[in-house]
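Structure first, commentary second.
The values are calculated or read from the model by the stated rules, or taken from the named source; none is laboratory data. Note that the structure is a prediction, hence the values are computed from the model and not measured. Note: ideal-geometry Cβ built from the backbone for every residue, glycine included; neighbour counts use all protein chains shown. Heavy atoms of the whole protein, side chains included, go into the accessibility calculation; ligands, DNA and RNA do not. Shrake-Rupley method; radii C 1.70, N 1.55, O 1.52, S 1.80 Å.
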Amino acid sequence: MRYYLTTAIAYANNKPGLHTLYEVIGADAIARWRRMSGDDVRFLTGTDEYSVNIATRAAEEGMSPQDFVDAKVALFQSSEARLLISPDRFIRTTDADHLLAAQEMVRRSHAAGDIYLGSYEGWYCPNEGFRTETDVERVGDGAVCPNHPGVALEWLKEQNWFFKLSAYQARLEAWLSQDPSPVQPAYRRNEMLGFVRQGLEDFSISREGAGWGIPFPIRADGTSAIAHDGTADPSAGTIYVWYDALINYLTGAGFPVSPDGAPWWPADLQIIGKDINRFHSVFWPAMLWSAGLEAPKQIWVHGWLLSSGERMSKSRGNFLDPDDAVAALGADGARFVALREVPFDRDGEVSWDSIIRRYNSELANDFGNLVNRAVTMAQRSFPDTAPPPRAAAASPLGTAWAATRTRASDAMGQVALHEWLGALWELVGTANRFVDSEKPWELAKAAKDGDAAAREQLSGVLGDLLETCRLISLYAAPAIPRVAAQVWELLGHRWPYDEDGHGGPALEKLGEWGACVADRPLSSPVPLFPRLERDEQSPATR
RNA sequence: GGCGGGGUAGCUCAGCGGUAGAGCAGGGGAUUCAUAAGCCCUUGGUCGCAGGUUCGAUUCCUGCCCUCGCUACCA
């Protein structure tokens, strides 16, 4: 099955924080899950690089805008590589094909009669662009924006192109009202429904002047602003925000350069943060319909990472550095903890301390130690061949796996990433309790003394345990891709997927209890997740 | 202001008519295969406040308090 998923593109003005990459980690896990399931996956993530603000920042640092964003994008890519993020394309809005896609979308909406000339006026901050009335502080007759208190705002009026969002109110209401909701979680859909029902206003999609942005392809008189040699008429202005940024999802789908249109569109899943829900759940479908395209199949709105109750952000300065997390916990540890600490449908409190605690408790103590003790015991009693599991029906763990597997798959299908890992880690607990109740060390002693029945029992118990480790690793691999492969090698299996989760038999097939026979002896275990000292290097939030 | 969620153990949350649960954190114990991990037991709650319905309410109703989200053009 074809599966196209996207993250929002991040504003390329800084080094990314963990709160920025959280969404990318989640999307990456889904992409890997789908690849391992045998789907034909396209996973798109990237950066948003045009804006007056970027140009200003670049100028302040004495750089060209392009050099500036190149440098920031390199930071994103480096942090993402450390986290084993595996996009099929890392898209940049400065990419050449994206320019074509954005301009084509404008042309289509224009041809459809959904774009018209109007005038836009409002407070304008020379440092940051237009500000909304609610964003400014009144000072006498004038106003200043909170971010630059020393700078007086100007009241500016521009001739701009507007998109007829108001024409799509009924269709948006109908679309949002569908069951199941195309916007998840459902309460986010309800918020958007409320918004739409208040009545929709058109929004501006161009800015005057040739700033740092994509040239607007149409002149005020309706003629093309793009010459045959591709150069643009600067008097036509630039495309403003949404007809640039949102279009990246289409560019990444092959629009419009691919001969078959946009082969990957519509997207199966678009993951976004709650601050941009309105643009994705209201503006975006209307823009697509205007151009004769379909709305995305599903939009998933995740919550924030919080620090002491406040949203983590660069501007607040209360963020965590993803590189610090990877350095301390490893890529697998950092990915797992991010997905486990914060419910994917809600905000979640995160601190360095809670990260270390989660890592130690669930990865080092519960899971890592489970694999370690199981492999050690098995290797000691069965040095040549790993003991096979008993029939699923005859094994408590085999029975438990059936339920766990269903829960994990269902949760993944619903983008409930926290429930997915939650189900798997409950089985980790079950397996640890199983070890203590079966006491394989006692069985080993009896077996050594020549008790054949004890030896058979021991083989079954350890075989079940090893199988459980194999299956949990397999199903958790989208979160902990490297360690999962490492566990399989320890267990004498060969990991059949490549680094990004491609190839190999379908996950569901390998996920059958007893699906694989180890073809090599067990290896001596090394700690998969070394335990960390609680107070070890705490970069804290900065 | 309007609309919609919440307020339950130190923390994060589940439960939603018969006087409360999980995970983590804290305390104790028995063990030893294991990353001084795991396992067992356990301390913590007038279930926001005040009324009402009911034989009985954390669970239903009303009022109030507090809190969070949405309430248009920031990337």
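Taking residues in the range A:181-210 that are farther than 23 Å from residue A:247 by Cβ and without any contact (Cβ under 8 Å) to a residue 40 or more places away in the chain, and partners anywhere that are within 6 Å of RNA strand B (Cβ to nearest atom) and in a helix (DSSP H, G or I), not one pair has Cβ atoms closer than 8 Å while being at least 6 places apart or on different chains. Please find, within the range A:1-43, the residue that is farthest from RNA strand B (Cβ to nearest atom) out of those that are polar (S, T, N, Q) and more than 21 Å from residue A:341 (Cβ to Cβ). Selected residue: A:37.
Here the condition is being out of contact with any strand residue (DSSP E or B) (no Cβ under 8 Å at 6 or more places or on another chain), at pLDDT below 95 and within 29 Å of residue A:331 (Cα to Cα); of A:352, A:401, it holds for A:352 alone.
A single entry from A:396, A:440 fulfils the requirement of being more than 25 Å from residue A:478 (Cα to Cα) and near RNA strand B (Cβ under 9 Å from one of its atoms): A:440. For the range A:251-290, a residue qualifies if it is open to solvent by 10 Å² or more (accessible area, probe 1.4 Å) and hydrophobic (A, V, I, L, M, F, W, C), and the qualifying residues are A:257, A:262, A:264, A:265, A:276, A:279, A:283, A:289. Across the range A:174-204, the number of residues qualifying as among the charged types (D, E, K, R) and either at pLDDT below 90 or open to solvent by less than 20 Å² (accessible area, probe 1.4 Å) (or both) comes to 1. Screening residue A:319 with (1) at pLDDT below 95; (2) farther than 30 Å from residue A:105 by Cα; (3) assigned to a helix (DSSP H, G or I) gives one miss only, at (3).
Looking across the range A:414-441, the residues that are open to solvent by 50 Å² or more (accessible area, probe 1.4 Å), out of contact with any Leu (no Cβ under 9 Å at 6 or more places or on another chain) and in a helix (DSSP H, G or I) come down to A:419, A:426, A:433, A:436, A:437, A:441.
Annotation: residue A:353 fulfils all but one of (1) assigned to a helix (DSSP H, G or I); (2) crowded, with 18+ Cβ neighbours inside 10 Å; the unmet one is (2).
Each residue in the range A:347-372 was checked for being more than 6 Å from RNA strand B (Cβ to nearest atom), in contact (Cβ under 8 Å) with a residue 40 or more places away in the chain and not hydroxyl-bearing (Ser, Thr, Tyr), and 12 pass. Residues that are under 23 Å from residue A:340 (Cβ atoms) and in a loop (DSSP other than H, G, I, E, B) within the range A:467-516 comprise A:477, A:478, A:479, A:480, A:495, A:497, A:499, A:500, A:501, A:511, listed in sequence order. Taking the range A:445-474, which residues are small (Gly, Ala, Ser) and crowded, with 20+ Cβ neighbours inside 10 Å? Matches in the range A:445-474: A:459, A:460, A:463, A:473.
Scanning the range A:160-173 for residues that are surrounded by fewer than 19 Cβ atoms within 10 Å (Cβ to Cβ) and either at pLDDT below 95 or over 28 Å from the mean Cα position of the chain (by Cα) (or both) yields a total of 6.
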